[in-house]
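What follows is one structure encoded as structure tokens, with my remarks underneath.
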Amino acid sequence: NTGAARYLPGEHTLPELRRAAAGCRGCGLYRDATQTVFGEGPPDARFLFVGEQPGDKEDLEGAPFVGPAGRILDRALKEAGIDRGTVYVTNAVKHFKFTSKGRRRIHGRPSTAEIDACLPWLTAEMEILRPAVTVVLGATAARALLGPSFRVTRHRGEPLPHGDTIMVATIHPSAVLRAPNRDAAYDGFLADIKVAARAGT
Ligand code: URA
Ligand code: SF4
């Protein structure tokens with residue numbers, strides 16, 4: 001397991017990348033997960049949303065953000081006036097990491113090594129998409145895209161020009177669900193998504 005680079009296809013299109021990623025063994029996470037969950041959305045998307053890794057539901061369905069975190073994200077997109085047809089969603093890590101507790105599968109945080117191993121997929125997606133705005137959802141995506149010293153809590157909701165995209169970091173939608181005051185956490189999340197919406201128009 002020396003990273004995803006050796007699994008990249010010769011031709012970089014989203015369908016070719018998706019097909020190749022299905023067979024990735026660039027780190028150990030492919031072993032216990034059901035399938036690779038690749039990004040989804042149109043190749044001309046103005047907005048790229050990058051999460052952490054697929055959750056339980058995403059692992060079973062093979063699509064990103066189709067579980068509880070996805071419902072929070074969908075609601076914020078709608079309330080910020082971002083059209084779903086302009087959005088591509090993906091994750092920093094493409095396989096579900098978990099520990100089993102009886103029948104339940106408990107989400108595990110991807111390690112730095114796993115984030116690094118999986119980065120070639122995200123980089124390839126970004127090179128094809130060239131999104132106007134890249135929304136960085138939570139610490140794992142921030143580590144992948146903005147480096148280990150970036151602090152989401154300090155710089156969330158700031159438009160950060162990066163090459164030809166504008167990055168906007170915010171908390172992960174799952175953090176909204178876990179927050180002691182969910183409404184306040186959601187309002188903060190929505191405010192950051194609105195910054196992204198403005199940056200893309
Ligand atoms: N959380 C993520 O980071 N990504 C998903 O696809 C689902 C939940
Ligand atoms: Fe490959 Fe990423 Fe899955 Fe690891 S998590 S096996 S690098 S696709």
Of all residues in the stretch 7-57 being part of a helix (DSSP H, G or I) and under 30 Å from G157 (Cβ atoms), which is farthest from ligand 1 (Cβ to nearest atom)?
L14
Mind listing whichever residues of the stretch 149-201 are farther than 17 Å from E79 by Cα, loosely packed, with under 14 Cβ neighbours inside 10 Å and among the hydroxyl-bearing types (S, T, Y)?
S149, T153
Let me spell it out: the conditions are (1) within 13 Å of ligand 1 (Cβ to nearest atom); (2) crowded, with 23+ Cβ neighbours inside 10 Å; (3) not acidic (D, E), and W121 meets all of them except one. Which number is the exception?
(1)
Condition test on I128, is it under 22 Å from A76 (Cα atoms) and either surrounded by 14 or more Cβ atoms within 10 Å (Cβ to Cβ) or of a type in the set (G, A, S) (or both)?
no
Failed item, numbered, when T90 is tested on (1) within 15 Å of ligand 2 (Cβ to nearest atom); (2) in contact with a Lys or Arg (Cβ under 8 Å, 6 or more places away or on another chain):
(2)
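Take G200 and decide whether it is closer than 18 Å to V37 by Cβ and in contact (Cβ under 8 Å) with a residue 12 or more places away in the chain. Please lay out each step first, then the result.
Details: closer than 18 Å to V37 by Cβ: no; in contact (Cβ under 8 Å) with a residue 12 or more places away in the chain: yes.
So G200 fails the test.
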So how many residues does the stretch 13-54 have that are more than 14 Å from ligand 2 (Cβ to nearest atom) and either under 27 Å from I193 (Cβ atoms) or touching an Asp or Glu at 6+ places or on another chain (Cβ under 7 Å) (or both)?
11
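Bear in mind these aren't lab numbers, they're just calculated from the coordinates by the rules spelled out. Bear in mind that the values here come from a model prediction, so they are computed numbers and not experimental data. As a convention, Cβ positions derive from the backbone with ideal geometry for all residues, glycine included, and neighbour counts pool all protein chains shown.
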